[in-house]
Amino acid sequence: MELSIKKPFFTPKDLSWHERAKWWKDKGKRVLGYLCSDFPEEIVYAGGILPIRILGSNEAISEAYKYSINPYSCYVTRSILDIALKGELSDFDGLAITTTCDACGLDIYWRMEDQVKGSFPFLYLLPRPSISKTESSHKFFRVELFRFKESLEEFLQEEIPKSSLAHAIKVYNQNRSLLREIYDLRGEGFISGVDAASAVFSSMGNPKDESNLLLSRMIEEAKVREPKSSAAPRIHLSGSVLFNLELFELIEDLGGTVVSDDLCVGSRYFWDPVSTDRDPLEALATRYLDKEPACPCMNTESKVEDRLNFILMMLERYKADAVVFCLHKYCDTHQLDYQILAEELEEREIPFLVHIIEQNIGTAQLRTKLEALFEIINGRG
Amino acid sequence: MYVAGVDSGALTTKAVILGDGKVLSHEIVLTGMGGKAHEVVEMALSKADLSTDDLAFVVATGYGRINVPFAAKQVTEITCHGRGAHFLIPTTRMIIDVGGQDSKVIRLNEQGNVVDFAMNDKCAAGSGRFLEVMANALEIDLEEMGKLSLRSKKTVEISSTCTVFAESEVISHIASGIPKEDIIAGIHRAIASRVAGLFFSKVRRKVEQDSVVMTGGVAKNIGMIKSLEEEIGIRIIVPPKPQIVGALGAALIAQEECFM
């Protein structure tokens, strides 16, 4: 199977989870699923395993409710559990879960342990402290990363040398820098909002070295193109996980364009690089804890301020006109931050809207909201 | 020069005909299954002794705006209600629009441009449909609800947010012999508290007197206005024909288009 950006390995519907795992396993290699943009994939990659991001999907829940899954957890949590309970991840060798929020982190882990038992030869809960930017939290997380690496080595029955880890960091940093370049090209109209988002989505499921080749080709092709006019309403998307590119497509259909974001499937995944001038695990611990844009689950005192500053920086960098918050129903962490971010944006007279999503993005009502926002931006409002 | 605005809503379709900046006629029909945009414009035109050939521009709004083939432009109901309300009442800064299936709060600047808005999300609890379901359960006409509720001496509590659960609550109140007017007052308060939540989510500064306007069909219900005024603590202005404000806004935009 050949990989491509246009049909990312990762994006939904094209391939089943079985197929996603199988093509790599057919090469005699292993596959590990991970759920969150705050998971240090580099360690897995250094062990020769392919990390594949599992986002959930907008398919209806068919199995999870039989297992007394909390119907008031976000759809991401319910959907991931449903996918696993339906046996769709049975070809995965492992699953690693970072402690982020209680639903997406702990609840999924416990249920995977209890109810999907035996499905994963390697199941790991990575405890991430909820405080960043302190010496003690960095130390703690470094120890936890070391323990994770040890467990993985035990599972692989071989050591992951420091040189492999350093190489993985290099490859991942290259991916980050390519994605930033793609965002910059998008900002200048050389790449569409949908294609740039597609590049991030595909990077979360393809082997990073191959992904980097694809992204480099995408950049080369984009640079010789005529840039599109930037007159359309330019949107910054804020939120967590989107299952697919539907929202990016809807915004483009309505005449706008996504030029920037702070999504867990966007800049939150790749923006900050890992430092290469120190011990790899220490560098990873620092990067994954302190990275911008911050995870809303963190309790660091400056978190919301840091998030706001990141959004403001992106608005300026990509000349965005407005912010669209697309938040999951029952996602307290994002919704609590939203209240403060909304007030701050309002004070600065930056137009924004909030839309709550569950299984689907709810196109009918969202269409009217987006059109009204575009009318405000275009002066019609 | 004549222009028209059509507001294709969930429950009713409205048309307004403007001639040289003045409202010449308007019409309201039930939307039904097929959409009644063409019919309602024809009816409004005949009231003004005009025909479709006389129209220089038509703007469509409302949830059915994309299914009005003869409209040259589609504009959201948010912008249209803003434009219409500001035209009628220039002091308007906040609009509460409660329609058939959704409720909205729209904030305007001094020029009457929309600066912010909020809509109820995927649930009809704070909308006209909620009132319809309750009128049906109480076996009374929707139009009677407002006046009846003013006779209430003791407002009952409707605690369910969901329309279907609230209907069950209403039925059990009827069964326990609570007077209809007290139940209706409770229904109004339930909607008012939801709409007030939406309202305050968009209020950051002090709300000035005469700046809050209510549009949409539900604004015709006097009991609903009274409950909302209690919840938000300020007088609400209701234009004479609150349900045509969106269509009026669409017609005003049609007029602007002609001069562009």
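The values are calculated or read from the model by the stated rules, or taken from the named source; none is laboratory data. Remember, predicted model here, so these are calculated numbers, not experimental data. Backbone-built Cβ (ideal geometry, glycine too); neighbour counts: all protein chains shown. Accessible surface is based on the protein model in full, side chains and every heavy atom, while ligands, DNA and RNA are left aside. Shrake-Rupley method; radii C 1.70, N 1.55, O 1.52, S 1.80 Å.
Here are some notes:
- Lys/Arg +1, Asp/Glu -1 at C-beta; the range A:257-310 dipole; positive extreme among A:G266, A:V304, A:L289: A:G266
- Relative contact order (percent, whole number), the range B:1-141, Cα cutoff 8 Å, 6+ residue spacing: 17 percent
- Cα-based helix-to-principal-axis angle, A:162-187 vs chain A, degrees rounded to 10: 10 degrees
- Heavy-atom accessible surface of the range B:91-238: percent carbon and sulfur, 1.4 Å: 51 percent
- Residue-level accessible surface for A:D184, protein heavy atoms, 1.4 Å, Å²: 50 Å²
- Unit charges on C-beta of K, R, D, E only; dipole of chain A, Debye: 620 debye
- In this structure chain A gives 39 Å² per residue of accessible area when probed at 1.4 Å with all protein chains present.
- Farthest toward positive dipole pole in chain B [+1 Lys/Arg, -1 Asp/Glu at C-beta], among B:F57, B:N67, B:V213: B:V213
- Alpha carbon centroid spacing (whole Å) that separates the range A:82-137 from the range A:340-381: 33 Å
- Think of it as helices only: each DSSP H run of n ≥ 4 in chain A is worth -39500 (n - 2.57), and spread over all residues that comes to -14500 deg cm²/dmol at 222 nm.
- Take the convex hull of the alpha carbons in the protein assembly as shown; its mean projected area over all directions comes to 31.4 nm².
- Size estimate for the range B:91-238 follows the Kirkwood approach: the inverse of mean 1/r over distinct Cα pairs works out to 15.4 Å.
- Heavy-atom accessible area for B:F200, with the other protein chains in place and a 1.4 Å probe, reaches approximately 100 Å².
- Toward the positive end of the charge dipole of the range A:130-197, with +1 on the Cβ of Lys and Arg and -1 on the Cβ of Asp and Glu, the farthest Cα among A:F140, A:N173, A:I191 is that of A:F140.
- Using only side-chain charges placed at the Cβ, +1 for Lys and Arg and -1 for Asp and Glu, the dipole size of the protein assembly as shown relative to its Cα centre rounds to 220 debye.
- Pairwise burial B:A, computed as accessible area of each alone minus the pair, summed, 1.4 Å, Å²: 1900 Å²
- Spatial separation of Cα centroids for the range B:38-112 and the range B:159-203, in angstrom: 29 Å
- Relative contact order (%) - criterion: Cα under 8 Å, at least six apart; region: chain A: 19 percent
- Accessible carbon and sulfur surface of the range A:240-381 relative to its total accessible area, %, 1.4 Å: 45 percent
- Relative to the longest principal axis of the Cα atoms of chain A, the long axis of helix A:75-85 lies at roughly 30 degrees.
- Only beta bridges with both residues in the protein assembly as shown are counted; by DSSP, about 35 percent of them are antiparallel.
- Taken one residue at a time, the phi angles of the range A:141-154 give Karplus couplings (6.51, -1.76, 1.60, θ = phi - 60°) of 5, 4, 4, 5, 5, 5, 5, 4, 4, 4, 4, 5, 5, 5 Hz. Gly and Pro are set to x.
- DSSP-defined antiparallel bridges as percent of all bridges, chain B, nearest 5: 65 percent
- Lysine pairs within the range B:91-238, Cα separation less than 22 Å, 8 or more sequence positions apart or different chains: 18
- Considering only alpha-carbon pairs that sit under 8 angstrom and 6 or more positions apart, the relative contact order computed for the range A:290-381 is 26 percent.
- Crossing angle, helix A:193-203 versus chain A [Cα axis fit, 0-90 degrees, rounded to tens]: 10 degrees
- Amide H contacts of B:K73 (H built 1.01 Å from N, in plane; Pro and chain starts excluded): B:V58, B:A60 sit under 5 Å, all sequence-distant by 5 or more or on other chains.
- Unit charges on C-beta of K, R, D, E only; dipole of chain B, Debye: 720 debye
- Karplus-derived 3J(HN,Hα) values for the range B:204-213, using 6.51 cos²θ - 1.76 cosθ + 1.60 with θ = phi - 60°, are 10, 10, 5, 8, 7, 4, 6, 9, 9, 10 Hz; glycine and proline are entered as x.
- Span-like helix ranges in chain B, DSSP H, alpha carbon extent 30 angstrom or more, Kyte mean at least -0.5: B:180-201
- Cα pair distances exceeding 27 angstrom across chain A, given as percent: 47 percent
- Longest segment of chain A lacking trypsin sites (Lys or Arg not before Pro) that sit in a DSSP loop with at most 16 other Cβ atoms within 10 Å: A:134-224
- Lysines with Cα under 16 Å of A:K29, excluding same-chain neighbours fewer than 8 positions away: A:K208
- Each other residue within a Cβ distance under 15 Å of A:F155 adds +1 if Lys or Arg and -1 if Asp or Glu, for a net charge of -2.
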